[in-house]
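Worksheet for the structure shown next.
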Amino acid sequence: MASDIQHRPVYGSTTVPRSTNINNPVASFLRQLQSKAPNHSGQLFGLLAFFISGGIILLLTGITVTAFVLGFIAFLPIIIISSPIWIPLFLLVTGFLSLAGMVFGTAALISWTYRYFKGMHPVGSDQVDYARSRIFDTAAHVKDYAGVYFHGKQKDAAPGA
């Protein structure tokens, strides 16, 4: 009686149950196929998690957009009525932030320039030094080339000179 009991594999296990009929060709073929089949359960779980999380994000995005549109429609009369206050306030805040940004940028530029000329090596000073040396080298090459070029032209213009 104990040999009549069929053993089933535990869900997710890779072990193949032993059959009582070893000589059955179909059972041995199926056993070989099952042992060589790749395990795609991890990919399937990842795909399922991707679709579930994507659906949740899509649902939350829809709710957010709907709430924004309904709130905008509901508050539109208040926005229109109070617009004489909001437009000058917007211009005032924008002007203040622009002025503050320009003052901050100017102060940072003056501070960097001061530290650079005092030899304190601020951030980026090595790039400025490299660019200055490249400009100096290029100017020297142009000067040398122009001297040779114009010296040759001068002899051509006045061959007896």
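The values are calculated or read from the model by the stated rules, or taken from the named source; none is laboratory data. Please read all numbers here as calculations on a predicted model, not as lab measurements. All Cβ positions, glycine included, derive from the backbone under ideal geometry; neighbour counts span all protein chains shown.
The table below lists the values:
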item: Condition met for ILE85 (more than 30 Å from VAL123 (Cα to Cα), modelled with pLDDT under 95 and in contact with a helix residue (DSSP H, G or I) (Cβ under 8 Å, 6 or more places away or on another chain)); result: no
item: Filter result for GLY119 (assigned by TED's automatic domain parsing to the domain that holds ARG132, within 30 Å of ARG132 (Cβ to Cβ) and modelled with pLDDT under 90); result: yes
item: The lone exception for THR106 - which of (1) of a type outside the set (A, V, I, L, M, F, W, C); (2) modelled with pLDDT of 95 or more; (3) within 30 Å of the chain's Cα centre (by Cα) it fails; result: (3)
item: Out of ALA49, ALA108, sole residue that is within 30 Å of VAL123 (Cβ to Cβ), surrounded by 10 or more Cβ atoms within 10 Å (Cβ to Cβ) and of a type in the set (A, V, I, L, M); result: ALA108
item: Filtered residues of segment 52-73 (kept if surrounded by 10 or more Cβ atoms within 10 Å (Cβ to Cβ), among the hydrophobic types (A, V, I, L, M, F, W, C) and closer than 26 Å to PHE90 by Cα); result: VAL65, ALA67, PHE68, VAL69, LEU70, PHE72
